[in-house]
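In what follows, a structure is listed as structure tokens, so that the remarks can point back to it.
The values are calculated or read from the model by the stated rules, or taken from the named source; none is laboratory data. This one's a predicted model, so the numbers in the text were calculated from it and none came from an experiment. To get the accessible areas, we keep the full protein, side chains included, count just its heavy atoms, and leave off ligands, DNA and RNA. Shrake-Rupley method; radii C 1.70, N 1.55, O 1.52, S 1.80 Å.
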Amino acid sequence: MSTIPARAAGAIAPAGRPTARIGYGMGALTGAVSAGRLTGDAAVSLLRHAREEGAQFFDTAEFYGQGLAN
């Protein structure tokens, strides 16, 4: 895990709204929950931590983790 907060990577401004350049990809996380390697509560805790560290967007897709990402 990186020890550098997402906000340290700077920001971009899509549609004029400043957003951290680093987000969080949900594919591996939702796959781990779907496979039973991680509990839902642990996943939510991890996402909250990512948000606290500056992640402002979370990359989701309907097929990630059998639909759990959405």
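Ranking D59, D41 from most to least accessible surface, computed with a 1.4 Å probe over the protein chains only, gives D41, D59. One chain, two ends: A35 and A8. Fully extended at 0.36 nm per residue, the span grows by 6.4 nm beyond their Cα-Cα distance.
Between G25 and D59, the built amide H atoms are under 5 Å apart, and every one of these is 5 or more places off in sequence or on another chain.
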